[in-house]
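The values are calculated or read from the model by the stated rules, or taken from the named source; none is laboratory data. Since the structure is predicted, the reported quantities are computational estimates derived from the model, not experimental observations. Positions of Cβ are backbone-derived with ideal geometry, glycine not excepted, and every protein chain shown enters the neighbour counts.
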Ligand code: ATP
């Protein structure tokens, strides 16, 4: 088992594209780590650079404390599963699984024993004699995983491992993969553009944009406390509300108010105001206010204190919840409510939010202004 250390890593393609652009990352021993970001942000290039399939232009890659930056792929101790699985169509499942062992000239009896054991771990019993073309997509994906695991690499690298499966199978395979990774305890880095998949599977997530790291944290941290509006926009099945706002009452700096970090202020937005930690942000400052639909509370009665007032435009059923869109002085704000409390279009409503859920970002760079570490549930 092994950790991965990446320092100052850049991967530049011959056409000049800096697909990975100065990255520092540490993946802990046994961690399930996701590389997440929109198409073209450099996730696959980073994974392939760790594997040695792309050459690092700058910086270093260490696996298990050994510098492998210039080591050929086969000698890095990594096992990779490609998006299209790359199974050999003319070989049986057993031959596919044990191919890396055959290359290393491992004895046939040991290979058979490994094939049987790995097939057991990956629920492929009874399929060892079949060819890949005679398997379902989910079974093919498990054969590719079995081959990677049988090769006994120190780290497992997965490129969009679930993207070729249909929605239902993907959920099953997701659960299977998480359990398998936990059971084996193998350090695993997986690439995905699906934020829900990253939130569900990973111990930690690196969110990338244009070859750079935008946030690194646990699923809870990146969901509840995005450190910039790029991550805020990217994470969450229902998008975060990002509203133009202005600090109405500032608590001033800690020195002014004598208060501790996180002094309470008020920020005005379309349709009303919300409480916010306005530490060091003066009254009158223009900001972007971030609040997730899940953290807003909708009522049909008027309540005292900072609140936003508006009129229901439409409600969409999400299963047990509904996403209600509220028109607040011309700005549309999303709020989720239990499905049975869904208000009818045209209903006047009031929205409130707890202080710790209201995030302030700078208007120009989109960086988080609310420095006080809010409790993450
Ligand atoms: P996707 O989710 O679409 O696979 P990604 O985040 O994995 O995207 P990469 O495939 O790593 O992104 O690509 C990063 C950037 O590098 C993109 O701008 C892409 O066009 C460019 N790129 C990728 N492969 C090459 C290559 N072989 N030669 C030149 N440029 C490339």
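Among the residues that make up the stretch 239-260, is at least one of them within 16 Å of the ligand (Cβ to nearest atom), at pLDDT 95 or above, surrounded by 21 or more Cβ atoms within 10 Å (Cβ to Cβ) and closer than 30 Å to residue 322 by Cα? Lay out the reasoning, then the answer.
Filtering the stretch 239-260 down to residues within 16 Å of the ligand (Cβ to nearest atom) leaves none.
There is no residue in the stretch 239-260 that is within 16 Å of the ligand (Cβ to nearest atom), at pLDDT 95 or above, surrounded by 21 or more Cβ atoms within 10 Å (Cβ to Cβ) and closer than 30 Å to residue 322 by Cα.
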Worksheet item: Residues in the stretch 88-108: is at least one within 16 Å of the ligand (Cβ to nearest atom), within 30 Å of the chain's Cα centre (by Cα), buried (at least 16 other Cβ atoms within 10 Å of the Cβ) and assigned to a helix (DSSP H, G or I)?
Response: no
Discussion item. Quick check on this structure: which one of 126, 138 is surrounded by 13 or more Cβ atoms within 10 Å (Cβ to Cβ) and touching a helix residue (DSSP H, G or I) at 6+ places or on another chain (Cβ under 9 Å)?
Written reply: 138
Practice prompt. Return only the number of the condition from (1) touching a helix residue (DSSP H, G or I) at 6+ places or on another chain (Cβ under 8 Å); (2) within 12 Å of the ligand (Cβ to nearest atom) that residue 79 does not satisfy.
Written response: (2)
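Test residue 306 against the criterion of being farther than 23 Å from residue 237 by Cα and crowded, with 20+ Cβ neighbours inside 10 Å, and give yes or no.
Values: farther than 23 Å from residue 237 by Cα: yes; crowded, with 20+ Cβ neighbours inside 10 Å: yes.
When the stated conditions are applied, residue 306 passes them.
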Item to complete: For the stretch 70-82, name all the residues that are surrounded by 17 or more Cβ atoms within 10 Å (Cβ to Cβ) and over 15 Å from residue 152 (Cβ atoms).
Response: 82
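Just checking, which of 158, 162 is within 16 Å of the ligand (Cβ to nearest atom), touching a strand residue (DSSP E or B) at 6+ places or on another chain (Cβ under 9 Å) and assigned to a loop (DSSP other than H, G, I, E, B)? Don't jump to the end; show me each part of the working.
Numbers: 158 fails: assigned to a loop (DSSP other than H, G, I, E, B).
None of the other options fit; the residue is 162.
Under the condition of being more than 14 Å from the ligand (Cβ to nearest atom) and under 20 Å from the mean Cα position of the chain (by Cα), which residue from the stretch 1-21 is nearest to residue 207 (Cα to Cα)? Talk me through it step by step, then tell me what you get.
In the first step, residues of the stretch 1-21 are kept if they are more than 14 Å from the ligand (Cβ to nearest atom); the result is 1-8.
Of the ones still in play, those that are also under 20 Å from the mean Cα position of the chain (by Cα) are 3-6.
Details: 3: 19, 4: 17, 5: 17, 6: 15 Å.
Here the answer is 6.
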Practice prompt. Those residues that are away from the ligand (no atom under 16 Å from the Cβ), part of a loop (DSSP other than H, G, I, E, B), over 28 Å from residue 233 (Cβ atoms) and in contact with a strand residue (DSSP E or B) (Cβ under 9 Å, 6 or more places away or on another chain), I need them from the stretch 30-74; list them, please.
Written response: 30, 64, 65, 68, 69, 71
Worksheet item: So residue 85 fits all but one of (1) surrounded by 15 or more Cβ atoms within 10 Å (Cβ to Cβ); (2) farther than 21 Å from residue 184 by Cβ; (3) at pLDDT below 95; what number is the exception?
Response: (2)
Item to complete: Report, by residue number, each residue of the stretch 40-75 that is more than 21 Å from residue 160 (Cα to Cα) and in contact with a helix residue (DSSP H, G or I) (Cβ under 7 Å, 6 or more places away or on another chain).
Response: 56, 61
Worksheet item: Which of (1) at pLDDT below 90; (2) more than 16 Å from the ligand (Cβ to nearest atom); (3) over 18 Å from residue 50 (Cβ atoms); (4) buried (at least 18 other Cβ atoms within 10 Å of the Cβ) is the odd one out, the single condition residue 151 does not satisfy?
Response: (3)
Fill in: Hits in the stretch 217-237 (condition: free of Cβ contacts under 8 Å to residues at least 40 places away in the same chain and under 16 Å from residue 288 (Cβ atoms))
231, 233
Worksheet item: So residue 111 clears everything in (1) at pLDDT 95 or above; (2) over 25 Å from residue 164 (Cβ atoms) except one condition, right? Which one?
Response: (1)
